[in-house]
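Notes follow the structure.
The values are calculated or read from the model by the stated rules, or taken from the named source; none is laboratory data. Note that the structure is predicted; figures quoted are calculated from it, not measured. Neighbour counts are summed over all protein chains in view; Cβ atoms, including those assigned to glycine, are modelled from backbone coordinates with ideal geometry.
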Amino acid sequence: MKSNVQIIKDDAGHKIAVLPEVIFKNKQNIDWGAVEEYLQRYVGEFVDVADTESIVYIGTDFPSEYKGSKYTKRLKGSYAKAKANAAQGITSMLEIATQKGFSENREKKHARDAKNGWYYYTTRFALPVYENEMKTENYNVYLACLLVNRTKFGKMYLYDLVDIKREASTPLRTMK
């Protein structure tokens, strides 16, 4: 799916997926059903993670897990808003992901869908800053972890976006 997400590098050389808009604006009551519906457009796609040359699929379970995971249910305020809006750049964020880590599956409920464990990728995304409903030239940068499961057949599927942290550095300014 074609998106208007821009990929840039920060001063440290990290790639960042710059998201064009804040489409889910409410920080207090995110409409996670609308986020799930938005993510349906990516089901069936696959992404080549450039750093590791791994192929990661976006399966039918991804939108509902993104919406209803334990992590999502605990999110509040600006982090909930950041995760909701990250939906628009999920394929770009996966494409630029780095620092692949691995963990064995430890839960019976994932015995089938993560039989060969979990992979964790670091990714970055930026959301525009608004003042009085007007978009500014500044962007807040977030660091997050993309969680990918590996099936018994060796296929890797995007599962969730977790551990979202706002980077404390000065916000990005748009490159025009």
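When you scan the stretch 138-166, how many residues do you find that are closer than 22 Å to K73 by Cα and assigned to a loop (DSSP other than H, G, I, E, B)?
Residues that pass the stated criteria total 0.
Yes or no: the stretch 65-80 includes at least one residue that is touching a Gly at 6+ places or on another chain (Cβ under 8 Å), over 18 Å from C145 (Cβ atoms) and in contact (Cβ under 8 Å) with a residue 24 or more places away in the chain.
No - not one qualifying residue is present in the stretch 65-80.
Hand me the list of helices (runs of 4 or more DSSP H) wholly inside the stretch 1-101 holding 1 or more residues that are surrounded by 15 or more Cβ atoms within 10 Å (Cβ to Cβ), modelled with pLDDT of 95 or more and charged (D, E, K, R).
Where helices (runs of 4 or more DSSP H) fall fully within the stretch 1-101 and carry at least 1 residues being surrounded by 15 or more Cβ atoms within 10 Å (Cβ to Cβ), modelled with pLDDT of 95 or more and charged (D, E, K, R), they are 32-39, 62-68, 77-86, 90-95.
Looking at the stretch 148-160 only, could you name the residues that are free of Cβ contacts under 8 Å to residues at least 60 places away in the same chain and buried (at least 20 other Cβ atoms within 10 Å of the Cβ)?
N149, R150
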